[in-house]
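For reference, the structure discussed in these notes is given below.
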Amino acid sequence: MLFRIFRCAAVLYGCAISVAAHAEPVAGFDNRPAAAAAAGLYECQQPSGTTVFRSTPREGCAVLAAPDPAAPDPQRWLPLMGANGVISYFDQVAVKRAGPEVGVVVMRNAPSGVIRTTSGEPIRSSLKRMVLNCASSMVAVVEQTLYTKRFGKGEALYTIRSPQLSRFHPAASGSVAAELLRRLCR
């Protein structure tokens, strides 16, 4: 029974993270660049009135996200920002190609103290393994592993593998999956 409750909590966490990744773009946030791995995110107004997002501070810019000192190796992990403003990290080393399909790994940190297991342990990050189909521009989540520490470190709490998760579906506009399709399927 306890395992079922824990499993349901893990599935709900996965759903929450997936919903966040596929959220509709916020006005003015559609063309945001990825932030540098050890950099923050700053919103700056141009003289023309347009909004620009930078990874380094400039005078007159507002801080949206402070730099994370524990960010992963920027040579391996490429930061990507979805339309919802959440930064995910794409593992450039783990890319596997097989015909029109590309296997990728994406890491995402959870908000501090928000999501916990049924036993009270915090879920701080997840590693999601996905398959991108370049021919159809669709994506499937193969599995997702939840961790006790940020950046996929610490004890692996649970791995979600489900036939329902591995079905291909269209990548939402502005999502990290859509950005990966754009970058990897040329």
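Can residue 110 be described as farther than 28 Å from residue 64 by Cα and small (Gly, Ala, Ser)? In short, no. Would you confirm, using the coordinates I've provided, whether residue 78 is farther than 22 Å from residue 170 by Cα, under 14 Å from the mean Cα position of the chain (by Cα) and either at pLDDT 95 or above or not in a loop (DSSP other than H, G, I, E, B) (or both)? Criteria met by residue 78.
Out of the strands (runs of 3 or more DSSP E) lying entirely within the range 84-186, which hold 2 or more residues that are modelled with pLDDT of 85 or more and of a type in the set (Lys, Arg)? Give the steps one after another, and end with the answer.
Details: elements: 87-91, 96-98, 101-109, 125-133, 138-149, 153-161.
Passing ranges, in order: 96-98, 125-133, 153-161.
Restricting the range 129-186 to residues that are small (Gly, Ala, Ser) and surrounded by 16 or more Cβ atoms within 10 Å (Cβ to Cβ), the residue that is farthest from residue 103 (Cα to Cα) is 174.
Taking first residues from the range 38-62 that are modelled with pLDDT of 75 or more and of a type outside the set (Ser, Thr, Tyr) and partners that are in a loop (DSSP other than H, G, I, E, B) and exposed (fewer than 12 other Cβ atoms within 10 Å of the Cβ), the Cβ contacts under 6 Å between residues at least 6 apart in sequence or on separate chains come to 44/58. Residue-level analysis places residue 63 among those that are surrounded by fewer than 17 Cβ atoms within 10 Å (Cβ to Cβ) and over 22 Å from residue 142 (Cβ atoms).
The residue of the range 173-183 that is farthest from residue 142 (Cα to Cα), among those that are in contact with a strand residue (DSSP E or B) (Cβ under 9 Å, 6 or more places away or on another chain) and not polar (S, T, N, Q), is 183.
The values are calculated or read from the model by the stated rules, or taken from the named source; none is laboratory data. From a predicted model like this one, the values you see are computed outputs, not experimental measurements. Every residue, glycine among them, receives a Cβ derived from its backbone with ideal geometry; neighbour counts consider all protein chains shown.
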